[in-house]
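Presented below is the structure to which this report refers.
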Amino acid sequence: MVASEPLEDARARAAAFLLRRHRLRAAEALPWLAAVLAYFAFPGHLAFGTQLLIMVLFTLSLDLILGYAGIVSLGHAAFFGTGAYTAGMLGARYGWGEPITGLLAAGAAAALVGCISGWFLLRYRGLTLLMLTLATAIMLQELGNARADITGGFEGLTGITIAPLLGRFDYDLYGHTTYLYALAVLFLVFLLVRRIVYSPFGQALTGIRENVRRMHALGSPVHRRLVVAYTIGAAIAGIAGALFAQANAFVTLGVFGFDRSAAVLVMLILGGAGRLYGAFVGAAVYMLLEDSLAKLSPEFWQFGIGLLLVLTVLFAPRGLLGLLEDLGRLLSRSASP
Amino acid sequence: MSAPALETRGVSMSFGALAVARDISLALPRGARRGLIGPNGAGKTSLVNLITGVLKPSAGRVLLGGEDITHLSQEARARRGLARTFQINQLFRGLSVLDNLCLAIGERTGACNNLFRPAGSKPAVIEEALEHLAAHRLVEDALKPVRELAYGRQRLVEIALALAQRPRVLLLDEPAAGVSSRESHLILDVLERLDEEIAILIIEHDMDVVFRFAREITVLVGGAVLMEGSPEEVAADARVRAVYLGEEVREEARHG
């Protein structure tokens, strides 16, 4: 009864459709080329470049949990801070200055915090979840304040000494090593995140975001999936925080601050959530704008960011990257009538 | 005799003063074709929610193949072979029809536990997805996002997703709701070809569909079972005519 020929065809088309999605595209080389070019073109701005790479990594971690799994968080700095303090205190207090194991330890610590807090709070949604994520960051900040004797409190943790990278490359005044180190870490983590979002698990996260009722009905272990995604996102945010502590050799409890949680959310929304490269676009636009506006008007630079956010949310709800995609589609359509 | 595929024993539940289920006892043997009818607000969808675990009963028990599932989560019930469709489509609207099916299959087989293998790299999943799509005449639409499909075809996806769970018991909540009469035969075709092994409970307002499909009918009124019987018995029952069919008859008379 079944016409096998067309079905065979359909099967091939379906397989091609699914596999095409995760195949690397030429355009994906662009951000990496830009990052390498920037290294040679702006040798005087590598410190800024490093901060930008760190924020891209931090935004990417939020993209996994918000853009893909649909978990809205106002306290993502909790994990950035946990990572920053883990790496910082290892370097400053325990003489563990080896940077790469420091990163891994920071990622593990943040993952632990993400797993435990996520297990409790991912039963909730909406406003309740928003408040609980916010409270997590505040509580960690206060915990750090209560133990100011080891964290340095709001004065900051000084004296973080970082051993040469891979035992060979020392850190120069212009930040060459640090920049390349941050870029390499970002690249590796990005490959991992990219792999996850195109996996069946990533599809399940998208399913939870699109229709959680159906996922329950399909027998999906929704809570477990969310906790896993949240834990991975937390680990990556922790690695970003650790890079931050290592690059600056200084941390204050401000890393847990609400403004940091809010800024990373704004970066993701600006760039476009749930599209991997939105983190790159959003963080870059935000930080370049912040930098140039702050020079223009040190007191009112946030006005410019606010205006851009309003315009983006109103006219490009899929973010600047979504807008670019739409424009590209429009151009290619008008080019081939 | 083996245990019924699905059984409720004295299930009760209320939202404050409103009792949505009063001492409901039902038993569906394997391969049952049971219609569940009743006027609006009779508690039909609530009963589906009580059986699937969206709601917890305040009294009574729910058994699946003889196993007490009253205290199990929705997920655990679904994994034991209990599937449902929704009165209002609950689909992954932004994803392709194919992806919708792959998700249902992936969650059943555990493929979705994999974080590192690219989705779509398992031919068996695609093959099964296309079998389901072919059975629902959805192959043409496989690569389109669900939201671009006509409503009637979305209803078919709704059923295809539940079947991809390979259920033992299937609860259909108004499968033809919102579908034009021109398209409703598509739904009926699918319903009539369902696996004879599956026990099915169907809620439907369209009496043509119910009387064609169901072999037994349970009438629910005010959260309680009014009567149970063959379609002929139900159609002949004076109480049923009074509370339920009466409305339909009057309506049909008005439409002429």
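Points worth noting:
- For the range A:7-118, the calculated P(r), taken from all Cα-Cα distances in 5 Å bins from zero up to the bin holding the longest distance, is 2, 9, 12, 15, 14, 15, 14, 8, 5, 4, 2, 1, 0, 0 percent.
- Among the residues of B:85-96, the average count of other protein chain beta-carbon atoms within 10 Å of the residue beta-carbon is 4.
- Cα-based helix-to-principal-axis angle, A:99-121 vs chain A, degrees rounded to 10: 60 degrees
- 0 to 90° range, to nearest 10: angle between helix B:246-255 axis and chain B longest Cα axis: 70 degrees
- Entry note, chain A: relative contact order of 30 percent, from Cα contacts under 8 Å with a spacing of 6+ residues.
- Residue-by-residue Karplus 3J(HN,Hα) for the range A:35-44, coefficients 6.51, -1.76, 1.60, Hz, glycine and proline x: 5, 6, 4, 4, 4, 8, 7, 10, x, x
- Computed from backbone phi with θ = phi - 60° and the Karplus coefficients 6.51, -1.76 and 1.60, the 3J(HN,Hα) list for the range B:120-133 is x, 8, 9, x, 4, 5, 4, 4, 5, 4, 5, 4, 5, 5 Hz; x is used for glycine and proline.
- Taking only alpha carbon atoms, the range B:92-150 gives an Rg to Rh ratio of 0.97, where Rh is the Kirkwood radius.
- Each peptide among B:93-105, B:165-177, A:302-314, B:54-66 gets the average number of other Cβ atoms lying within 10 Å of its residues, and from highest to lowest they stand as B:93-105, B:165-177, B:54-66, A:302-314.
- If only the Cβ of Lys and Arg carry +1 and only the Cβ of Asp and Glu carry -1, the dipole of the protein assembly as shown around its Cα centre is close to 440 debye.
- C-alpha long axis of helix A:46-62 to longest principal axis of chain A, angle in °: 50 degrees
- 20 °C / 1.002 mPa s Stokes-Einstein diffusion coefficient of the range A:126-197, Kirkwood radius on C-alpha pairs, µm²/s: 134 µm²/s
- Reference-scaled alpha-carbon Rg (2.2 N^0.38 Å with N residues) for chain B: 1.04
- Taking only the alpha carbons of the protein assembly as shown, we obtain Rg and Dmax values of 28.6, 93 Å in that order.
- Shown here are the Rg and Dmax of the Cα trace of the range A:116-236, at 19.7, 57 Å.
- Shape class for the range B:33-179, computed from the alpha carbon gyration tensor (a ≥ b ≥ c): oblate, with a/c not under 1.5 and a/b at or below b/c.
- The ranking of B:LYS44, B:LYS122 from fewest to most other beta carbons within 10 Å of each one's beta carbon is B:LYS122, B:LYS44.
- Each of A:TYR124, A:TYR85, A:TYR39, A:TYR68 was scored by other Cβ atoms within 10 Å of its Cβ. Arranged with the fewest first, they read A:TYR124, A:TYR39, A:TYR68, A:TYR85.
- Only helices enter this figure: runs of n ≥ 4 DSSP H residues, each worth -39500 (n - 2.57), summed and divided by the residues of chain B, yield -10000 deg cm²/dmol at 222 nm to the nearest 500.
- Whether chain A is rounded, prolate or oblate, judged on the alpha carbon gyration tensor where a/c under 1.5 counts as rounded: prolate
- Relative contact order of the range A:66-201, defined on C-alpha pairs under 8 angstrom at six or more residues apart (%): 30 percent
Every read-out reported here was derived from the displayed coordinates using simple, explicitly stated rules and does not represent laboratory data. The model shown is predicted, which means the values in this text are computed figures rather than measured ones. Heads up, the Cβs are rebuilt from the backbone with ideal geometry, glycines too, and the neighbour counts pull from every protein chain shown.
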